[in-house]
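To keep things clear, I will list the structure first and then write my remarks on it.
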Amino acid sequence: MKTKTIFHLFILLSSIFTITIQSQTKSYEKQIDSVLSLMTLEEKTGQLHQVSLYWATGPESPEGDKLRDIKEGRMGSVLNVKGSDKVRALQELALKSRLGIPLLFGLDVIHGYKTTFPIPLAESASWDIEAIELAARIAAIEASASGLNWTFAPMVDIARDARWGRIMEGAGEDTYLGSLIAAARVKGFQGKGFGSVDAVMACVKHYAAYGAAVGGRDYNSVDMSERTLREIYLPPFKAAAMAGAATFMNSFNDLNGVPASGSSFLMRKILKGEWNFNGFIVSDWASIREMIPHGFAEDDREAAKLALNAGSDMDMEGYCYRNNLKDLVEKGEVSLANLDDAVRRILRKKFEMGLFEDPFRFTDPIREEKALNNPEHRKAARDMARKSIVLIKNEADLLPLKKGQKIALIGPLAKSEDDMLGGWAVGWDDNSDVVSQFEGLEIRFGKENLLYAKGCGVSDSSKDGFEEAVKIANEAEVVILSIGESRSMNGEAASRSNLGIPGVQEDLVKAIMATGKPVVVLMNAGRPLVFNWVADNVPTILYTWWLGSEAGNAIADVISGDYNPSGKLTVSFPRNEGQIPIYYNHFNTGRPSLKDIPSKDFRTGYIDLKQSPKFPFGFGLSYTTFDYSDINISSDKLSKGGVVEVSLTVKNTGDFDGEEVVQLYIRDCVASLVRPMKELKDFKKIALKSGESKKVTFKIDEQKLAFYNEKLEWVTEPGKFDIMIGSSSADIRQQSVLYFE
Ligand code: BGC
């Protein structure tokens with residue numbers, strides 16, 4: 001059949017089967033059968049091959065003539081291309097191939113596209129699921145207008161180790177909160193469903209257990225019981241799959257000795273089997289090829305065979321499938337059925353995305369011009385940014401600042417625009433759209449009230465700038481010190497063994513504190529840092545992470561009191577690196593520590609460190625205070641199929657309107673397996689005017705009490721459960737008990 005006519009044939013087939021691409025449940029299997037029947041083995045393996053063009057987000061890969069591969073129908077997808085014009089040009093090339101199958105275009109749109117939102121870990125601190133979904137929605141609206149139809153997000157890895165640079169990409173340490181956020185992000189990216197012009201496919205990563213890499217060292221091994229895997233690490237992946245995620249990405253790590261890209265247990269048994277996932281799985285950057293240095297595959301041929309047979313459908317930047325699959329199928333080492341299944345999964349998404357109907361549907365320059373950085377998106381980014389800020393300390397109610405106060409803004413990050421974007425921001429040559437902290441404060445407090453000195457660089461050893469910094473501190477009424485990491489210190493390949501504040505920044509804080517002026521520290525970071533001296537000596541601290549395009553405005557909103565901070569930590573902050581991993585939902589030992597002191601009393605803990613974290617999971621202050629009272633449980637007995645309601649009253653007892661995240665924790669007191677001291681099972685974020693009270697109600701059913709028993713069955717066992725409601729995992733304000741019968 002003549003090449004050019006085949007693409008038209010697809011369109012004809014589409015109309016015969018009356019495709020309405022709006023419907024996500026629409027089945028395209030007959031159309032896919034027709035396409036598959038026309039494809040050569042080379043064209044089939046081509047669909048499974050993905051390369052990066054123009055930009056690399058990993059080490060260099062084998063060379064090849066990428067454009068020729070596209071033209072010859074030997075490539076199914078590219079990554080790292082953005083912009084409607086660039087995408088259009090490549091799509092045109094793909095349509096020149098014999099069958100004219102359109103390409104998928106993927107990019108790491110992790111926290112916004114042109115409008116950059118806070119890093120995911122920061123967003124999770126908002127505990128605002130709707131706002132998080134909106135952030136992903138806006139990212140998709142912008143990305144889809146700029147040629148893209150696929151984002152490599154959300155990253156849903158549970159992370160209990162702040163040394164791991166990639167902790168910034170996820171939602172922290174908790175499985176329940178992480179699952180809600182995973183589903184929200186998928187819904188946000190995929191919008192009304194495939195076929196709508198502003199939906200992009202989500203890619204849930206990194207499957208699986210990457211967050212548990214030994215020692216927090218990137219790409220490292222993971223050794224984990226299946227129970228921990230299923231109970232702690234997999235639920236966010238499952239929640240994302242159930243929310244309709246189109247694709248998954250393998251992780252780099254081996255899990256109990258099997259690299260994830262070659263794990264049929266993860267891919268065929270759990271994801272495609274138990275969860276009935278009908279999308280496709282892409283490897284991580286060359287992770288199929290990396291099974292060779294892992295010592296799991298002899299060469300790229302064996303790597304291709306192992307990965308395909310295990311269920312990895314697309315090879316990102318590995319060239320293993322491209323160069324070997326045809327031969328493997330011809331020699332019967334990979335079945336045609338397995339190859340066809342992988343191709344079918346990829347074609348299915350291309351059909352669902354409407355690409356066969358209109359391959360250029362994401363390449364409209366007018367839409368692109370309107371969508372990128374539009375004021376509505378900026379407004380949402382500012383809202384998300386201020387909700388992500390966590391007030392760690394506010395002694396003597398220094399914040400909010402009063403109008404007209406003379407401020408000295410000091411520190412290496414105060415004027416930075418680039419750093420505000422955080423790790424994994426989509427690269428833009430021009431950052432002039434970013435509002436720095438200096439700019440935000442200048443807009444809010446006026447030029448005449450703002451002095452500035454850099455003081456030092458992030459990692460510098462020079463203290464030459466201290467004198468100037470101290471001078472302007474003395475001239476001001478209050479000092480705002482902007483310190484922390486630089487954005488390149490977190491993200492991929494940025495694990496740190498030392499979580500302290502880099503360089504001489506702590507000395508800068510000490511020099512400024514010596515002036516006796518009131519000091520506010522803005523701590524900029526992509527992970528929990530260890531900053532004990534600052535935490536113990538500086539009266540006022542805001543944890544500001546990396547807040548994106550609107551960072552400066554959002555910080556000014558909080559400092560001025562236009563927004564009362566409501567963020568709560570979603571990861572426990574260690575006292576030092578030796579305390580890692582530290583997480584709130586740990587087990588009790590046979591000899592639990594009884595006092596929060598360093599001790600040598602034959603109890604769990606350290607002789608040289610307190611047992612508690614520096615700042616616990618769920619912690620974050622407000623300019624106001626909240627009182628919890630009157631807990632009431634509708635019954636202290638719950639039976640199968642039943643529901644019990646727990647309610648309490650929360651009152652805003654301070655002078656500011658504010659928001660509180662009311663957290664419900666449960667403990668199974670005695671079970672057939674040791675259970676965590678507490679587990680987050682629900683929360684409500686409520687807004688209360690000064691003096692206002694609200695009744696908060698939680699529903700508890702059997703599912704909230706269930707766990708995987710020794711046989712890996714999901715069960716609820718009869719017995720006593722502690723019900724704890726609090727303002728953080730370490731600040732339980734109201735308690736009750738419940739018996740499951
Ligand atoms: C990262 C992935 C990312 C991919 C493509 C890899 O190095 O681990 O998270 O999606 O590159 O950029």
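One table, with the values for the structure above:
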quantity	calculated
Residues that are among the hydroxyl-bearing types (Ser, Thr, Tyr) and touching a Phe, Trp or Tyr at 6+ places or on another chain (Cβ under 9 Å), drawn from the stretch 467-510	Ser482, Ser495
Filter result for the condition that a residue is at negative phi and out of contact with any Lys or Arg (no Cβ under 7 Å at 6 or more places or on another chain), over Ile597, Ile686, Ile582	Ile582
Top-ranked residue in the stretch 311-327 [being surrounded by fewer than 24 Cβ atoms within 10 Å (Cβ to Cβ) and more than 26 Å from Trp55 (Cα to Cα); ranked as nearest to the ligand (Cβ to nearest atom)]	Lys326
Test: residue in the stretch 52-63 that is in contact (Cβ under 8 Å) with a residue 12 or more places away in the chain, among the aliphatic types (A, V, I, L, M), more than 24 Å from Gly188 (Cβ to Cβ) and away from the ligand (no atom under 16 Å from the Cβ)	no
Filter result for Ser251 (crowded, with 19+ Cβ neighbours inside 10 Å, in the same structural domain as Leu180 (by TED's automatic domain parsing), within 18 Å of the chain's Cα centre (by Cα) and within 14 Å of the ligand (Cβ to nearest atom))	yes
Residue within the stretch 281-292 that is farther than 27 Å from Asn80 by Cβ and of a type outside the set (A, V, I, L, M) present	no
Near pairs, Cβ below 7 angstrom, 6+ apart or cross-chain, from the stretch 443-462 (touching a residue at least 60 places away in the same chain (Cβ under 8 Å)) to any residue that is of a type in the set (Val, Ile, Thr)	Phe445/Ile407
Some residue of the stretch 235-244 being in contact with a Lys or Arg (Cβ under 9 Å, 6 or more places away or on another chain), more than 14 Å from the ligand (Cβ to nearest atom) and assigned to a loop (DSSP other than H, G, I, E, B)	yes
Wholly within the stretch 641-689, strands (runs of 3 or more DSSP E) carrying at least 1 residues that are in contact with a His (Cβ under 9 Å, 6 or more places away or on another chain) and crowded, with 21+ Cβ neighbours inside 10 Å	none
Which numbered condition Gly552 misses (of (1) closer than 19 Å to Ala730 by Cα; (2) assigned by TED's automatic domain parsing to the domain that holds Leu481; (3) not aliphatic (A, V, I, L, M))	(1)
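Table: residues versus (1) of a type outside the set (A, V, I, L, M); (2) under 20 Å from Met420 (Cα atoms).
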residue	(1), (2)
Val109	no, yes
Lys114	yes, yes
Glu130	yes, no
Ala135	no, yes
Ala140	no, no
Ala145	no, no
Arg166	yes, yes
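Listed here are the residues, each with its yes/no results for (1) in the same structural domain as Arg487 (by TED's automatic domain parsing); (2) touching a helix residue (DSSP H, G or I) at 6+ places or on another chain (Cβ under 9 Å); (3) crowded, with 20+ Cβ neighbours inside 10 Å.
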residue	(1), (2), (3)
Glu376	no, yes, no
Ala396	yes, no, no
Pro400	yes, yes, no
Asp419	yes, yes, yes
Gly422	yes, yes, yes
Ala425	yes, yes, yes
Trp428	yes, yes, no
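Here is a yes/no grid of residues against (1) away from the ligand (no atom under 16 Å from the Cβ); (2) outside any strand (DSSP E or B); (3) surrounded by 24 or more Cβ atoms within 10 Å (Cβ to Cβ):
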position	(1), (2), (3)
Glu43	yes, yes, no
Gly46	yes, yes, yes
Asp69	yes, yes, no
Val78	no, no, yes
Arg88	yes, yes, no
Phe105	no, no, yes
Ile110	no, yes, yes
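The values are calculated or read from the model by the stated rules, or taken from the named source; none is laboratory data. Since we're looking at a predicted model, the values are computed, not measured. Cβ coordinates were reconstructed from backbone atoms using ideal geometry, including for glycine residues, and neighbour counts include every protein chain displayed.
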